[in-house]
Amino acid sequence: MTELIVRAFGRPAPQGSKNGSGREASIYLPAWRAEVKRAALQAMLDAGRPPLPLFPAGVPVTIERCAFFVPWDPVGTPDIDKLLRSTLDALGGSRAAGARVFADDSQVVSIDGLSKVNCSAAGQPPGAWILIKGDV
């Protein structure tokens, strides 16, 4: 069993909410995707893995833990499913901007321990902590 721990810092941003012009509504999305990619590539290098798909196509992948630390806004926080969408796309290889931890996010067969936490209350900086596992 191979595992990778990715710790991304920055404001987690949702993907899938569109504004009136059909563009992504979150202005933080490009920076969030870039940070997740950077953090994943660094985690692979630290683990002595080349920046290729760590989990090649066809290998089932589980997300054992995915905690988003977000600034709590009294008006609301991003939907957890949309935070997960942006993060999985940044980790995967199907988009040019992805880190290629896995070839495609369709390889993810289960997600356990998904949470969204008020970063201030938890004493954590904004970001995410992700534990990814698969047999390679």
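Readers should treat all values here as calculations from the given coordinates under stated rules, not as data from a laboratory. What you see is a predicted model, and the numbers here were worked out from it, not measured in a lab. So basically every Cβ, Gly included, is an ideal-geometry build from the backbone, and we count neighbours across all protein chains shown.
Taking amide H atoms as placed 1.01 Å from N in the peptide plane, the amide H of V108 lies under 5 Å from those of V61, each 5 or more residues away in sequence or on another chain. Top mean-square fluctuation among V109, V61, V101, Gaussian network model of the chain, C-alpha springs under 10 Å? Of V109, V61, V101, the Gaussian network model singles out V109 as fluctuating most. Nearest 10 degrees is fine. How inclined is helix 29-46 to the longest principal axis of the chain, computing both from alpha carbons? Tilt of helix 29-46: around 30 degrees. Near the amide H of K116, within less than 5 Å, lie the amide hydrogens of F68, all on another chain or at least 5 residues away, with H placed in the peptide plane. Per-residue HN-Hα couplings for the range 59-70, Karplus 6.51 cos²θ - 1.76 cosθ + 1.60 at θ = phi - 60°, whole Hz, x for Gly and Pro? Calculated HN-Hα couplings, in order: 8, x, 10, 10, 9, 7, 7, 9, 10, 9, 9, 10 Hz. Here's the list of aspartates and glutamates a cross-link from K37 could span, going by alpha-carbon distance under 16 Å and ignoring same-chain residues fewer than 8 apart: D46, D89, D104, D105. Between the Cα long axis of helix 80-91 and the first principal axis of the chain there is an angle of about 40°, rounded to the nearest 10.
Averaged over residues, the count of other Cβ atoms within 10 Å places the peptides 31-37, 79-85 in the sequence 31-37, 79-85, highest first. Helices in the chain, meaning DSSP H runs of at least 4 residues, each add -39500 (n - 2.57). Divided by all residues, the mean residue ellipticity at 222 nm is -7500 deg cm²/dmol.
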